[in-house]
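Visitor: Structure incoming, see below.
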Ligand SMILES: [Ca+2]
Ligand SMILES: [Ca+2]
Ligand SMILES: [Ca+2]
Ligand SMILES: [Ca+2]
């Protein structure tokens, strides 16, 4: 870097710093435009969500399986964030992906054994709370944010995989839960949300949840709501799956219970050493099962309460961290959420040693996830080169198509290898008509962003001739350095441009 400056300085003494002034998009706290956000804001602020959204609002590369009563996948504020099985063709009556389930395009209904995972509303004996349950949870994890409709989920962008394993009267058996977890593992879930409790320490369920954890999936489970009946202490009466890891050396289930708006244990919350983390579980507003013909006439409402709704806040938090650190294991994500939680012991003196690691603070967790990211740089020519508007990559002396830059021709490339050398990022400086742009590519060659280069008078006097990455800091602020040529005088000068981008490369 300094050598480059030195060389340039010999040709021209003019060094222009742009960037921070023109390019940076620093915001203090990200507030979405959704009309019902005000009903949720207190909860989101309590867990630091607005700060987290400065770093990431999620990624559609992250999948959260919700094992519950199903979900309203046609709901206007959910439908764009529902997972789709890429290997299954819809409605052709054929099991295209060969998993034994016909037309399982958006998950599976293990209760009625069908591909209809919208919670059934027809039976009068059903419990309306159970019918809404899965959709309330889905909305807390991933209602679309900043779309001017209803509220938001913790991830504004995510893939929700609804798996119906609880019937519409609120009951279920481990058999269906096990099948649902199997499905989540086989179909690439990153997080599994389990707002349910049972009383058997079932070996098969324990085995498959451990398999999920070992596959990198964060398993989040509810504590239950039995405190009022005197059975709230899980040290005395164990509930499952939350307590399945409590005798294990490793903390492989993220056990969650509920606090009120003052960080005091909710009066209904179970507690004890099966609980790792607390999150708000009262005054919850979210999306609901919408079917006005059958009396379900509110798309968004509340207040809901229960440890059931603390779970998706933590599951959603795990999804946000995964969007920032796709390289992290389940253990890494769990540890990150635990160590960055807020100590709430002083507010719960009646419960010594029963408040786990504290209350979820996703703002601090997101910030911490990006600290110390090991990012190294390499010359793009080691791996990437271009011809015209096409970028190629080299593996073992063989050249492969990597990406194209659309209608913009490439001037030069830059590349970085980030997150402990696991993922590449590629940048191209391109030209379209008289304008210059930086395009950003993921490791998979997906062009996910294009930014205009704010050079001065470049259409007439200067053209960018080189691009080089100067730094990428812990907040993924990319600083690019351009060499510019003054066309008329044949002189070069340097432009330093800062492009601030929060969050992991998204493939939207
Ligand atoms: Ca299938
Ligand atoms: Ca099919
Ligand atoms: Ca919304
Ligand atoms: Ca645990």
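Bear in mind these aren't lab numbers, they're just calculated from the coordinates by the rules spelled out. What you are looking at is a predicted structure, and each value in this text was computed from that prediction instead of being measured. All Cβ positions, even for glycine, are placed from backbone atoms using ideal geometry, and neighbour counts span all protein chains on display.
Visitor: How high is the FRET efficiency from residue 228 to residue 250, r the C-beta distance, R0 41 Å, rounded to 0.05? Don't jump to the answer; show the numbers that get you there.
Guide: Working: r = 32 Å, r/R0 = 0.79.
The pair residue 228/residue 250 has a calculated efficiency of 0.80.
Visitor: Also: As an exercise, use a Förster radius of 51 Å and the Cβ-Cβ distance of residue 294 and residue 450 to find the FRET efficiency, rounded to the nearest 0.05.
Guide: Efficiency, from the Cβ-Cβ distance: 0.65.
Visitor: Next question. Using a basic spin-label model with each label point 7 Å from the Cα along Cα→Cβ, how many nm lie between residue 122 and residue 433?
Guide: The two pseudo-label positions are separated by 5.7 nm.
Visitor: Here is a further query. Could you work out the relative contact order of the stretch 42-370? I mean the mean sequence separation of Cα pairs under 8 Å and 6+ apart, divided by the number of residues, in percent.
Guide: This gives 21 percent for the stretch 42-370.
Visitor: Right, another one. In nanometres, what is the gap between the two model label sites at residue 399 and residue 215, each 7 Å from Cα along Cα-to-Cβ?
Guide: 4.0
Visitor: Expressed as a rounded percentage, what relative contact order does the stretch 199-331 have, with Cα pairs under 8 Å and six or more residues apart? Could the numbers behind the result be given before it?
Guide: Values: 243 pairs, mean separation 35.1, N = 133.
Averaging sequence separation for qualifying contacts and normalising by length gives 26 percent for the stretch 199-331.
Visitor: So, how do all the Cα-to-Cα distances of the stretch 42-370 break down into 20 Å bins, in percent, from 0 on up?
Guide: Distribution as computed: 36, 60, 4 percent.
Visitor: Taking N as the number of residues in the stretch 261-418, what is its alpha-carbon radius of gyration divided by 2.2 N^0.38 Å?
Guide: On the way: Rg = 23.8 Å, N = 158, 2.2 N^0.38 = 15.1 Å.
Here the answer is 1.58, to two decimals.
Visitor: Given the convex hull over the Cα atoms of the stretch 56-115, what projected area results after averaging over all orientations, in nm²?
Guide: On the way: hull surface 19.4 nm².
With every direction weighted equally, the projected area is 4.9 nm².
Visitor: Something else now. Mind jotting down the distance between the C-alpha centroids of the stretch 288-313 and the stretch 90-121, whole Å?
Guide: 24
Visitor: Continuing with the same structure: Taking the Cβ-Cβ separation of residue 201 and residue 331 as r and a Förster radius of 25 Å, what is the calculated FRET efficiency to the nearest 0.05?
Guide: Working: r = 22 Å, r/R0 = 0.89.
About 0.65, to the nearest 0.05.
Visitor: Expressed as a whole number of Å, what is the distance separating the alpha-carbon centroids of the stretch 143-213 and the stretch 229-271?
Guide: Here the answer is 18 Å between Cα centres.
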